[in-house]
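Enquirer: Before anything else, here's the structure in question.
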Amino acid sequence: TAPIIVIVLIGLVSFAPAAADAQTKPTLADILLSDSAKDRPDGFDHRSKDYDIVTQAVLLFPDLVAAASDPNAQLTVFLPNDGAFRRLVHDVTGTWYRSEADVFNAVAGLGTDTVKQVLQYHIIPSAIPFSAALQSDGAKLDTLLAGSSITVDVRHYRPRVKLIDADTNDRDARVVRADVGGAASNGYAHGIDRVLRPIDLP
């Protein structure tokens, strides 16, 4: 676990300049780290509905850390919860990993280029609160992954937002937690129950 601990420490230092004070809204970086006090020293826990794995993945990329920390940016990030990453790893490898650290290591084993592309596919370069998403049925959202987009699918019975990705074979992600941490100074975060896929996996 030593490399992961080092990553966590580097990430905490990287996020420090954007830490929110009592008079400012948190940044998306602050929101990502908001439950870190409840995590083990390696950055993980046993809760499948929080966002430890995506947080640790973002910490691998200084430019994504900088974007999440920039109070002047305007972003929307879709955060797959830890259970979503466990499902993705099972779909890719055929193995169910119990510990979040093992799931993270399997994700990292896909290669840094792949991990970064997947993360960029979850970031929209504009700030979209959930209230606006509910009024955006059929909208195509361009992502930070060049040439890629996702489509908003709103179901108005018991209002629900689905995100249609590039994988035509698997169930699409649903927003299961809206406006995580409230309005950030640089956008909004929404929790989702699947990892968005920028390619059509077999």
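Enquirer: With just the Cα atoms of the chain, tell me how far they stretch along each of the three principal axes, in Å, largest first.
Expert: 46, 43, 31
Enquirer: Could you point to the residue in Leu32, Ser136, Thr112 farthest towards the positive end of the chain's charge dipole, with +1 and -1 charges on the Cβ of Lys/Arg and Asp/Glu respectively?
Expert: Of the candidates, Ser136 comes out farthest on the positive side.
Enquirer: Using a 1.4 angstrom probe on the protein heavy atoms only, line up Thr27, Thr114, Thr151 by accessible area, largest first. Don't jump to the answer; show the numbers that get you there.
Expert: Working: Thr27 5, Thr114 60, Thr151 25 Å².
Ranked from most to least accessible, the order is Thr114, Thr151, Thr27.
Enquirer: Turning to a different aspect of this structure: Can you give the charge dipole size of segment 120-202 about its Cα centre, rounded to the nearest 20 debye, using +1 on the beta carbon of Lys and Arg and -1 on the beta carbon of Asp and Glu?
Expert: Once rounded to the nearest 20, the dipole reads 280 debye.
Enquirer: Here's something else I'd like to know. Return the calculated 222 nm mean residue ellipticity for the chain, to the nearest 500 deg cm²/dmol, obtained by summing -39500 (n - 2.57) across DSSP H runs with n ≥ 4 and dividing by the residue count. Please list the in-between numbers first.
Expert: Numbers: 8 runs with 68 residues, N = 202.
So the calculated ellipticity at 222 nm is -9500 deg cm²/dmol.
Enquirer: In debye to the nearest 20, how big a dipole does the chain give about its Cα centre with +1 on each Lys and Arg Cβ and -1 on each Asp and Glu Cβ?
Expert: Values: 19 positive and 25 negative charges, 111 e Å.
Roughly 540 debye for the chain.
Enquirer: At a Förster radius of 30 Å, what calculated FRET efficiency corresponds to the Cβ-Cβ distance of Gln74 and Asn169, to the nearest 0.05? It would help to have the intermediate numbers written out before the result.
Expert: Numbers: r = 33 Å, r/R0 = 1.10.
According to the calculation, E is roughly 0.35.
Enquirer: Normalising by the residue count of segment 137-195, find the relative contact order in percent from Cα pairs under 8 Å and 6+ residues apart.
Expert: Numbers: 91 pairs, mean separation 12.3, N = 59.
Normalised by residue count, the contact order of segment 137-195 is 21 percent.
Enquirer: Between Thr114 and Arg155, what is the spin-label point distance in nm, taking each point 7 Å from the Cα along the Cα→C-beta axis?
Expert: 3.0
Enquirer: Quickly work out the Asp102-to-Ala139 label distance, labels modelled 7 Å from Cα along the C-beta direction, and quote it in nm with one decimal.
Expert: For Ala139 paired with Asp102, the spin-label model returns 4.0 nm.
Enquirer: Would you mind telling me the share, in percent, of accessible area of the chain contributed by carbon and sulfur at probe 1.4 angstrom?
Expert: Numbers: 5630 of 10040 Å².
On the chain, the fraction of accessible area on carbon and sulfur atoms equals 56 percent.
Enquirer: If you filter segment 147-202 for trypsin sites (Lys or Arg not before Pro), then keep DSSP loop positions with at most 16 other Cβ within 10 Å, what is left? Present the calculation step by step, with values, prior to reporting the outcome.
Expert: Details: sites: Arg155, Arg160, Lys162, Arg171, Arg174, Arg177, Arg194; in loops: Arg171, Arg194.
Sites meeting the loop and neighbour criteria: Arg171.
Enquirer: Separate question: Find how many whole Å separate the alpha carbon centroid of segment 146-190 from the alpha carbon centroid of segment 31-106.
Expert: 17
Enquirer: Determine the per residue accessible area of the chain with all protein chains present and a 1.4 angstrom probe, expressed in square angstrom.
Expert: Working: 10040 Å² over 202 residues.
Result: 50 Å² of accessible area for each residue.
Enquirer: What's the extension gain from Lys25 to Ala183 if we count 0.36 nm per residue and subtract their Cα-Cα distance? Provide the component values of the computation, followed by the final result.
Expert: On the way: separation 158, 0.36 × 158 = 56.88 nm, distance 0.74 nm.
Extra length from Lys25 to Ala183 when fully extended: 56.1 nm.
Enquirer: For Lys38 and Asp91, what does the FRET efficiency come to when R0 = 22 Å and r is the distance between their Cβ atoms, rounded to the nearest 0.05?
Expert: Numbers: r = 28 Å, r/R0 = 1.27.
The computed FRET efficiency comes out at 0.20.
Enquirer: Given the Cα-Cα distance of Leu201 and Ser126 and 0.36 nm per residue of separation, how much length would full extension add, in nm? The partial results should precede the final answer.
Expert: On the way: separation 75, 0.36 × 75 = 27.00 nm, distance 2.75 nm.
That pair, Leu201 and Ser126, stretches by 24.2 nm at full extension.
Enquirer: Sticking with this structure for a sec: Taking square-rooted eigenvalues a ≥ b ≥ c of the alpha carbon gyration tensor, is segment 116-202 rounded, prolate or oblate, where a/c under 1.5 means rounded and, failing that, a/b exceeding b/c means prolate?
Expert: Numbers: a/c = 1.70, a/b = 1.20, b/c = 1.42.
The shape class here is oblate.
The values are calculated or read from the model by the stated rules, or taken from the named source; none is laboratory data. Computed from a predicted model, the values in this text were never measured in an experiment. In this analysis, Cβ positions are derived from the backbone assuming ideal geometry, glycine residues included, and neighbour counts consider all displayed protein chains. For accessibility, only protein heavy atoms count, side chains too; no ligands or nucleic acids. Shrake-Rupley method; radii C 1.70, N 1.55, O 1.52, S 1.80 Å.
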